[in-house]
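Report on the following structure.
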Amino acid sequence: MSGELFFGATLRYLLGFLLLCGAWGKLASFAGLKHNLVESFGLSAGLAAVLAPLLVGAEGLLGAVLLVDSGADDQALLAALAMLLSFTLVVGYQFVSRDVVRCSCFGEAERPVSGYDLLRNLLLIAAIVGALAGGGHGGEAAAGGALAAAGEEVGAGLAARLMCAGLGLLLAVLCVHFHDMVTLLGTPEEGA
């Protein structure tokens, strides 16, 4: 498997798992999500009640599409890019124009958004743009299974797919906790 295919497949799994984590977290703290849409983004309670399930559904559906080898890698990556870019622009605008913004990212209804959250999103956006521009997203080979492309044996294709999925899941966990990890790494211990 080429490096481009490996990068593209791992990115697809990362985004799929990340979007599913976001949908799951928002669903688990659904009342907090609706509250944050009203308080942090100035939406009416009625609009928040309509928008909240749409956000959860869109994240969950797109996450599931990214996890299956559907042959629609380009479209799924473009949709993930559009969703992530929209979230980042809206949250980023609120971040610079308000004192405290809570977006319920991954179900964290009480923790305010930080610059680290926006940095994480910008890094993911850059990775998606890189994959789309560099052709590491599968392209036409995706219809037959991007990871089984180029004449690899079925067993090797499955092993590569599992490796990409495992790495994508690990990276998704790191992305979910990016704020906490950077904060911990940047905070010296007392008495040191």
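The values are calculated or read from the model by the stated rules, or taken from the named source; none is laboratory data. Just so we're clear, the structure is a prediction, and the values are computed from it rather than from any experiment. Neighbour counts run over all protein chains shown; Cβ positions are idealised from the backbone, glycine included. What goes into the accessible areas is simple: the full protein's heavy atoms, side chains included, and nothing from ligands, DNA or RNA. Shrake-Rupley method; radii C 1.70, N 1.55, O 1.52, S 1.80 Å.
Of the whole protein surface, SER86 contributes about 60 Å² of accessible area at a 1.4 Å probe radius. What are the ³J(HN,Hα) values, in whole Hz, obtained from phi via the Karplus relation 6.51 cos²θ - 1.76 cosθ + 1.60 with θ = phi - 60°, for each residue of region 19-31 in sequence order, with x given for Gly and Pro? Rounded to whole hertz, the list is 5, 5, 4, x, 5, 4, x, 5, 5, 5, 10, 4, 5. Ligands, DNA and RNA aside, SER29 has an accessible area near 30 Å² when probed at 1.4 Å. In Å², what does the accessible area per residue of region 1-113 work out to with a 1.4 Å probe? Roughly 48 Å² per residue, with all protein chains present.
Counting heavy atoms of the protein chains alone, TYR116 has an accessible area of about 90 Å² for a 1.4 Å probe.
Once the Cβ-Cβ distance of SER70 and HIS177 is raised to the sixth power relative to R0 = 35 Å, the FRET efficiency obtained is 0.75. Computed from the C-beta positions of VAL50 and ALA28 and an R0 of 30 Å, the FRET efficiency is 0.95 to the nearest 0.05.
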